[in-house]
Amino acid sequence: METHAKVVIIGGGVVGCSILFHLAKFGWKDCVLLERNELASGSSWHAAGQIHTISSDPNISRLQGYTINLYKEIEAVSGHSVGMHNTGGFYLASNQDWYDYLKRERSKARYMGLDQEFISLEEVARLHPLIDPKQYVAALWDPLDGDVDPSGVTYAYAKAARVHGASYHTHTPVIETRQRADGSWDVVTEKGTINAEHIVNAGGLWAREVGLLSGLHLPVQPMEHHYLITDAIPEIEARDERLPAGIDYEGNMYFRQEGKGMLLGTYEPVATPWSVNGTPQSFGHELLEPQLDHIAERLELGFQRIPALERAGIKDIINGPFTFGPDGNPMIGPVPGMRNYWTAVAVMAGFCQAGGVGLCLAEWMINGEPSIDVWAMDIARFGDYASPDYGTIKSTENYERRFILTFPNETLPRGRCQKTTSLYDRLSARGAVWGDAFGLESALWFANDPEDAFEEPTFRRSRAHDYIAGEVKAVRENVGAIEIANFAKHRFRGPEARVFLDHVMAGSIPGPGRISLSPMLTPKGKLYGDLTVACLDQQDFLILGSGVAQEMHRRWFEQQLAGFEVMYSNDSSQLHGIAIAGPKARELLSRITRDDVSSEAFRFRDIRQTFVAGVPAILTRLSFSGELGYEIYVAPEYQLKLYQTIVEQGEDLGIKFYGARALMSLRLEKNWGVWTLDFRPDFSAAESGLDVFINWDKDFIGKQAALAESKQGPAKRLVAMIVETDDIDVSNDEAILKDGECVGYVTSGGYAHSVGQSMALGYVPVELAQAETALEIEIMGDMYAARVIDKPLYDPAGNKMRN
Ligand SMILES: Cc1cc2nc3c(=O)[nH]c(=O)nc-3n(C[C@H](O)[C@H](O)[C@H](O)COP(=O)(O)OP(=O)(O)OC[C@H]3O[C@@H](n4cnc5c(N)ncnc54)[C@H](O)[C@@H]3O)c2cc1C
């Protein structure tokens, strides 16, 4: 066996083999995969092998399309059959909500270049005569869907990887992973030790155990899963053509032809986590005891949908475990806080996703960044709150919701209150409706009282609409207060803090007491952050950013820190706080601090360390609402005092607490984008308009690429649009059309309450990014007129926040 490798991949399931294939194909030949048993010994061998493109995240859908299209290539390169049946498949809606959902999926598919079309129920019955079409109201057809042979795929990846120069060893369990001082890893097996620059945990069912070898606790959980295979069905025996595949959303079921019978799989209504305390090392090519009572109800429904199933005998019932992550999506990438340790775990639909996972991970390792935004799969979207217990609770929830729709205004109930602040009970008493972001409960909006604090999931405007209108009005006319514990706070201290920030940030780094906005770019010029940079003093900087992206940014900062004399810490949990905004915000602030906060003494974009409400605070003059506003950051133990003081002193000023939904509305009418939606690595500074903050007079990461793009001009641009709607607003991912052709998609939007308009932000070709350009946006299957605007609808000159 080798003694050195660039990369060692631990685990020869479909995911590990795909990564090995992609690394070798892209030129890293010196890569080795170690498998404890035979290839495909974990969950991969007993998969149902059904393949489809639909996913909650558009980029994952795109990668699923890539995965399916890759099968021909790995078959050709390896000479090993993947057993592909490209039958096409239906997504079947049995009620109006599901039909609405499919209309939204269809809209997404337009710009993803996926070829999905609604077909009539007569067409469903023609293509699949065993389905009872009366059970459904609509069907979306995807010609890419079908099925593959799971073992065939896994071997084809591995053999194709060998053809490209990589190697793999079976019956070689990894028993230890030890990191050397230079950051490389000694990967220990009974056959010898390989020193590797990087290691990849692709341990699938044993991802947790492989993680623990390096002290990593992964929040993933294997779940039991059933599918059954029927005896031959005469109607199928009589056919020459293979039946299409299908997904029945209400039944949380998938089905396809298997031999001359059918395969029907279902995600049980009450899921069973398997081996919660760890996957036994002795578990091999085994299945679990079927629990027919767990799936009986779903089978009944299956029999209604496909009556021939009831008449057919059951040949086989498979109950096998496979691994889920907390939100049902894969967890891939370099692990924050670790060096040269990568994961590709929680890939729960390996035969739809492993190709995309392998592609992105290989690009990331070789080029330093993937070619598309992989946020929805990035392991850094979770933090330390995502404990193993949390993983089990959330994986169970996601398993049960596998094909269940989540409405745009819906929050999932399990694993909640993982992190709360001292205001949780106070704000609950005020009627807060909570959402969780990065494990922390944050108020979304406020009802009149706790009994009234509930949401009704819908694709249309919800009952929260009028409450949010009231919050926006308070901010625009009096003063509003919002908890800001959920913002990320990164601290940089030391003699080279400024030099470092000048290197990683594309914008200007402010002088002491001042704040600036800055994009952060990747070497390829893609956005990697839009951050607020504050200078507390020459050697002490506070960077404020997206709370959910805090570990992603921490990882990025730590990767760049080598060689700089800088102390970095992610202080997000150490600084909580409250922001106040509105025309009466200065009056309120002046009542709770001894400082002179007049407009001359404390200017827009000033920052200082002082006392507010009698407690130590970092006070900034900033607001994401577009109003005169202040963000007051305090240590968690001072937050209650700050809150009480603000409530007491703000009462006669009409103070009202507002939540994240109102903040999103306030920023929309200022045409401001947000991280993870409008700003993300799919876009560049010039495309997003954040290039206005670039300081071209210095060197910074991504400058060459950004310069080249600015010389040439971007092909597309982020625009704000007014949308002519009635009782519905965009959420995100809707197609934008010009003369019937899809030209872009919505990145965010909603109702702009104080200006009374429905709005959307999205990227369109530059020639359409002109004020007054008439476009259309497809919302739930209907086309709505949209008009590009080039100035914010509220306070276009920005006087309110500056004066
Ligand atoms: C019943 C069932 C039906 C399914 N149906 C579908 C479907 O229709 N479509 C679909 O896309 N997906 C389906 N799946 C999911 C799919 O099987 C998984 O997504 C996929 O197998 C995950 O692959 P993996 O490589 O991550 O993990 P695994 O297949 O579990 O591979 C991990 C590998 O790592 C090895 N390993 C572990 N520890 C070590 C160590 N210390 N040293 C060396 N090697 C180690 C293991 O032996 C194993 O081979 C199904 C799963 C089940 C259980």
*Principal axis dimensions, the stretch 212-259 - Cα atoms, whole angstrom, descending*: 57, 25, 17
*Where in the stretch 205-249 does the label zone of GLU286 land, with the point 7 angstrom along Cα→C-beta and an amide N cut-off under 19 Å?*
205-210, 221-227
*asked:* I'd like the per residue volume of the convex hull spanned by the Cα atoms of the stretch 137-210, given in cubic angstrom.
replied: 188 Å³
*For the stretch 1-87, with the dipole built from +1 on Lys and Arg beta-carbon atoms and -1 on Asp and Glu ones, taken about the Cα centre, which of GLY16, SER81, LEU70 lies farthest toward the positive end?*
LEU70
_Residue-level accessible surface for LEU121, protein heavy atoms, 1.4 Å, Å²_ = 40 Å²
*Just the Cα atoms of the stretch 754-803: what Rg and Dmax do they give in Å?*
13.4, 44
*With every protein chain in place, the stretch 84-227: carbon and sulfur % of accessible area (1.4 Å)*: 50 percent
*By accessible area of protein heavy atoms, probe 1.4 Å, what ranking do CYS742, CYS535 get, highest first?*
CYS742, CYS535
_Under the 0.36 nm per residue contour assumption, what length would be gained going from the current alpha-carbon distance of ASP132 and ASP449 to full extension?_
109.4 nm
*Per-selection metrics, the stretch 416-464 (Cα): Rg and Dmax in Å*: 11.2, 33
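Report, in deg cm²/dmol and to the nearest 500, the calculated mean residue ellipticity at 222 nm for the chain, where each DSSP H run with n ≥ 4 adds -39500 (n - 2.57) and the sum is divided by the residue count.
Roughly -8000 deg cm²/dmol at 222 nm, from the helical runs in the chain.
Given a cut-off of 22 Å, name the pairs among LYS72/LYS315; LYS526/LYS698; LYS103/LYS738; LYS641/LYS800; LYS489/LYS524; LYS29/LYS159 whose C-alpha atoms lie farther apart than that in the structure shown.
Those over the limit are LYS72/LYS315; LYS641/LYS800; LYS489/LYS524.
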*asked:* Using only the alpha-carbon atoms of the stretch 546-592 as identical scatterers, what base-10 log of I(q)/I(0) does the Debye formula give at q = 0.19, 0.25 Å⁻¹?
replied: -0.73, -0.93
*Once label points are set 7 Å from the Cα along Cα→Cβ at both GLN560 and ARG493, what is their separation, rounded to one decimal in nm?*
2.1 nm
*Where the eigenvalues come from the Cα gyration tensor of the chain, what are the semi-axes √(5λ) of the equivalent ellipsoid, largest first, in whole Å?*
45, 32, 25
*Taking H as built 1.01 Å from N, whose amide H comes closer than 5 Å to the amide H of GLN757, not counting residues under 5 places away?*
ALA752
*Lys, Arg +1 and Asp, Glu -1 on Cβ, resulting dipole of the stretch 336-493 about Cα centre, debye, nearest 20*: 380 debye
*Once the convex hull of the C-alpha atoms of the stretch 425-578 is built, how many Å³ does it hold per residue, rounded to a whole number?*
148 Å³
_Please give the charge dipole size of the stretch 715-803, origin at the Cα centre, charges +1 on K and R Cβ atoms and -1 on D and E Cβ atoms. Round to the nearest 20 debye._
640 debye
*Could you calculate, for the stretch 575-730, the ratio of the Cα radius of gyration to the Kirkwood radius, expressed as Rg to Rh?*
1.06
*Could you please state how large a percent of the accessible area of the stretch 374-452 is carbon and sulfur, counting protein chains only and using a 1.4 Å probe?*
48 percent
*Over the stretch 226-284, give the accessible area per residue in Å² for a 1.4 Å probe, as an integer.*
37 Å²
*With point charges of +1 on the Cβ of Lys and Arg and -1 on the Cβ of Asp and Glu, referenced to the Cα centre of the stretch 437-499, which listed residue (TYR467, ALA481, PRO450) lies farthest in the positive direction of the dipole?*
ALA481
*Over the stretch 374-424, with a single point scatterer placed on each C-alpha, what log10 of the ratio I(q)/I(0) does the Debye formula yield at q = 0.27 1/Å?*
-1.26
_Could you give the length gained by full extension between ASP240 and VAL188, i.e. 0.36 nm per residue of separation minus their alpha carbon distance, to one decimal place?_
13.5 nm
_For TRP45, what accessible surface area do you get with a 1.4 Å probe? Give it in Å², rounded to 10._
70 Å²
*Taking 0.36 nm per residue of separation and subtracting the Cα-Cα distance, what length does fully extending ARG311 through LYS6 add?*
104.3 nm
*State, to one decimal in nm, how far the label point of GLN179 lies from the label point of LYS791, with both points 7 Å from Cα in the Cβ direction.*
5.4 nm
_I want to check the label-to-label distance for ASN695 and LEU412. Put each point 7 Å from Cα in the C-beta direction and report it in nm to one decimal._
4.2 nm
*Can you tell me the FRET efficiency between ARG339 and GLN538 if r is taken as the Cβ-Cβ distance and R0 is 45 Å, rounded to the nearest 0.05?*
0.90
*In whole percent, how big is the carbon plus sulfur part of the accessible area of the stretch 485-596, probe 1.4 Å, protein atoms only?*
49 percent
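Given the alpha-carbon gyration tensor of the stretch 576-638, what are the semi-axes of its equivalent ellipsoid in whole angstrom, ordered largest first, with each equal to the square root of 5 times an eigenvalue?
Whole-Å semi-axes of the equivalent ellipsoid: 17, 13, 10.
Suppose all protein chains stay in the model; what accessible area per residue would a 1.4 Å probe give for the stretch 731-776, in Å²?
Values: 1610 Å² over 46 residues.
For the stretch 731-776, the solvent-accessible area averages 35 Å² per residue.
Taking all pairs of different Cα atoms in the stretch 668-803, averaging 1/r and flipping that mean, what Kirkwood radius in angstroms comes out? Spell out each step's value before the answer.
Numbers: mean 1/r = 0.0640 Å⁻¹.
Computed over the stretch 668-803, the radius equals 15.6 Å.
Can you tell me the accessible area per residue over the stretch 342-445, all protein chains present, probe 1.4 angstrom, in square angstrom?
30 Å²
The values are calculated or read from the model by the stated rules, or taken from the named source; none is laboratory data. Not measured: the values here are computed from a predicted model. Cβ sites come from the backbone with ideal geometry, for glycine too, and all protein chains shown count toward neighbours. Just so you know, the surface numbers come from the protein's heavy atoms only, side chains and all, with ligands and any DNA or RNA stripped out. Shrake-Rupley method; radii C 1.70, N 1.55, O 1.52, S 1.80 Å.
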